[in-house]
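We did not get these values from a lab; they are worked out from the coordinates using the rules stated. Here the structure is a predicted model, which is why all the values come from computation and not from measurement. Cβ sites come from the backbone with ideal geometry, for glycine too, and all protein chains shown count toward neighbours.
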């Protein structure tokens, strides 16, 4: 599904080059649950932006479903993000005074679907993400952190993406709630979704079946858990 070959990302600031990624190569198969872990400044956020089609590498190749993402223009990258990748962020990114249902329906606003069809799909995704039906009409700012993250997961699923890309999804949650959110992601993986998790916490990374360790812009270790 994903094939990265010699990815390099260099930033130029005030005439000084910073090498965020240095010739990184790896592949991820459909249906895998992979954690990418590293300390602050390791390059994992840069890699996440490239995998999420939010940025392009300075050099190297990134293939998703046999399409070379690194050669796409801005409009093509936007279509890829909309159709292939579901994002789950640390900060949830929900509209605060909008209902749970409306937050999940939002990505379908320009889909051409009727409102009733958009609501039907949103309800299905919320149930799929483990959200209680009694909370669907609540405003998002009336929810707990764990509930908000489940709404964010449901929103990520609404366009039936190939990949769920979760960037520090437990960063704003307590330990118990983090466990519930990670179990929800594991359940999605068991149902066939490819999950890529970006984290700096080893106990969170351990929910995945494979862990890619990144440091100083390079892959330090790529391990499959037994």
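So how do 95, 64 line up by other beta-carbon neighbours within 10 Å, fewest first?
95, 64
For 11, 207, 110, which order do you get if you count the other beta carbons within 10 Å of each Cβ and list the fewest first?
Fewest-to-most ranking of 11, 207, 110: 110, 11, 207.
If I model a spin label at residue 183 and residue 23 as a point 7 Å from the Cα along the Cα→Cβ vector, what separation in nanometres do I get?
4.5 nm
Report, to the nearest 10°, how far helix 115-128 tilts away from the longest principal axis of the Cα atoms in the chain, using its own Cα long axis and a range of 0 to 90°.
Orientation of helix 115-128: about 70 degrees from the principal axis.
List the residues of the range 87-107 whose backbone N lies under 14 Å from a point placed 7 Å from the Cα of residue 54 along the Cα-to-Cβ direction.
87-94
Working from Cα positions, state the angle (0 to 90°, nearest 10) between the long axis of helix 74-84 and the longest principal axis of the chain.
Helix 74-84 sits roughly 60 degrees off the main axis of the chain.
Report relative contact order for the range 121-226 in percent, whole number only (criteria: Cα-Cα under 8 Å, sequence separation at least 6).
Relative contact order, the range 121-226: 21 percent.
What shape does the range 25-92 take by its C-alpha gyration tensor, where a ≥ b ≥ c are the square roots of the eigenvalues and a/c under 1.5 counts as rounded, a/b above b/c as prolate, and the rest as oblate?
rounded
To make sure I understand, if each residue's beta carbon is the centre and we count other beta carbons within 10 Å, what order do 35, 27, 45, 140 fall in, fewest to most?
Placing the least packed residue first, the sequence is 27, 45, 140, 35.
Using a Förster radius of 25 Å, what is the FRET efficiency between residue 111 and residue 71 based on their Cβ-Cβ separation? Nearest 0.05, please.
The formula returns an efficiency of 0.40 here.
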